[in-house]
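Shown next, in structure tokens, is the structure this report addresses.
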Amino acid sequence: MRGKRRPSVVCTLSSNAELYHIAKTVTGLCRLESQDRINLTLRHSSALGQTAIILEWDGMTAGIDLSDHSDRMLPELSHCDLYFKRCVRAEDLKMSDRIRPFGLNYGCRSTRATLRLLSLYGPIDVIRRSNTWKILFLVPLYSEYERKPTQAASPTILFQARLWDPVDCPGDEQVNDERVGLLLALRSEFKERLAGGLALTPYAKQHYPELLTKHPTWPSRYARWAREHLISIGFRGLFGSLGFKIGEAYAASQCLVFEPSKAYMPADAPLARYCNREECIAICNSFLSHPAEAMQLRNQAWEYYRTEVEPGAHMTKLLGLI
């Protein structure tokens, strides 16, 4: 933050916002407001797409693109001075100083952010978009994901994946085969030390009933259960995006075993990269066999969360770049 004065930030959301995707940004801004670090005004506009946000501060405008697509830009943000993109390719960052990586997003909220959103949109919108609001109300509080490295972790591996109906992911139909193949390989190698499975979507229930997770699926219960594991498997999101589970893993100070994707990931992000199933298995075995090595990565993950990922810290850094 520049100077000692308390700056005014105007945050404009879509009138039809995908609340699950924008909740973390609003939560971070509300955290700064609660600490008397900014004056926050929320607005909404029908000119913005569901995953677009515009921030205005100190005479500057910054567009935030939270979509899954690394290969598309949102035209409604073209006038902004800066463009922060959640899923941005490294080559796009080289094209223009205006384009910046947004950082990690995941489904989290605070009570204050929830109340501000309810006040912004009003009861009629809650009725009109009841399913969207239901999803938001089920989103865990950001603190429910947190687990410090000083708290013992179970020597187990978390694998939780969603499968998509091919109708919903045209052009990336292979994502399901990739996830199922990795899950089968990990189950074969680690047996009961692998926790999780496939999320209970209609497509997974129909095609892979034997691979469905038997663990909590209610969001808050899932978040508290998922943070107990030592290792978290991260794989590319839809269309090469950065999956939400990456941010969740850092909040839980887990050893993140990560599959590189098209989307940019900072070089200093603490993680272990794998490029195939064999490498993934080898890395997991190493962490399970070498507790000191695992603890070192857990400490790094927690520090990264505190400075880069936690909603308030994330928005502090983003505003500092405007």
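The values are calculated or read from the model by the stated rules, or taken from the named source; none is laboratory data. All values derive from a computational prediction rather than experimental measurement. Glycine gets a Cβ as well: all are built from the backbone with ideal geometry, and neighbour counts include every protein chain shown.
Here region 31-59 is the region considered, the condition is being β-branched (Val, Ile, Thr) and part of a strand (DSSP E or B), and the residue that is surrounded by the most Cβ atoms within 10 Å (Cβ to Cβ) is 53. A count restricted to region 87-117 and to residues that are of a type outside the set (Val, Ile, Thr), surrounded by fewer than 18 Cβ atoms within 10 Å (Cβ to Cβ) and under 20 Å from residue 27 (Cβ atoms) stands at 2. Among residues of region 63-78 that are over 23 Å from residue 26 (Cβ atoms), those with a Cβ under 7 angstrom from a residue that is modelled with pLDDT under 95 and part of a helix (DSSP H, G or I), sequence gap 6+ or separate chain, pair up as 70/239; 70/240.
Among what's in region 226-257 and is among the hydrophobic types (A, V, I, L, M, F, W, C) and in a helix (DSSP H, G or I), pick the residue that is farthest from residue 175 (Cα to Cα).
251
For (1) at pLDDT 95 or above; (2) surrounded by 21 or more Cβ atoms within 10 Å (Cβ to Cβ); (3) in contact with a Ser or Thr (Cβ under 7 Å, 6 or more places away or on another chain), each residue gets a yes or a no:
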position	(1), (2), (3)
230	yes, yes, yes
244	no, no, no
250	yes, yes, no
278	yes, no, no
289	yes, no, no
301	yes, yes, yes
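Taking region 144-191 as the range and being over 24 Å from residue 219 (Cα atoms), of a type in the set (Asp, Glu) and buried (at least 17 other Cβ atoms within 10 Å of the Cβ) as the test, the residues that pass are 172, 189. What residue, among those in region 126-181 that are in contact with a helix residue (DSSP H, G or I) (Cβ under 8 Å, 6 or more places away or on another chain) and without any contact (Cβ under 8 Å) to a residue 12 or more places away in the chain, is farthest from residue 254 (Cα to Cα)? Here the residue is 126. When we screen 213, 217 for residues that are in the same structural domain as residue 301 (by TED's automatic domain parsing), exposed (fewer than 14 other Cβ atoms within 10 Å of the Cβ) and touching a residue at least 12 places away in the same chain (Cβ under 8 Å), the only hit is 217.
Results for (1) within 21 Å of residue 141 (Cβ to Cβ); (2) within 17 Å of the chain's Cα centre (by Cα); (3) surrounded by fewer than 20 Cβ atoms within 10 Å (Cβ to Cβ), shown as yes or no for each residue.
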| site | (1), (2), (3) |
| --- | --- |
| 14 | no, no, no |
| 18 | yes, yes, yes |
| 61 | no, no, yes |
| 68 | no, yes, yes |
| 79 | no, no, yes |
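Being in a strand (DSSP E or B) and among the hydroxyl-bearing types (Ser, Thr, Tyr) is the filter here, so list the residues in region 72-124 that pass it.
The one that is in a strand (DSSP E or B) and among the hydroxyl-bearing types (Ser, Thr, Tyr): 83.
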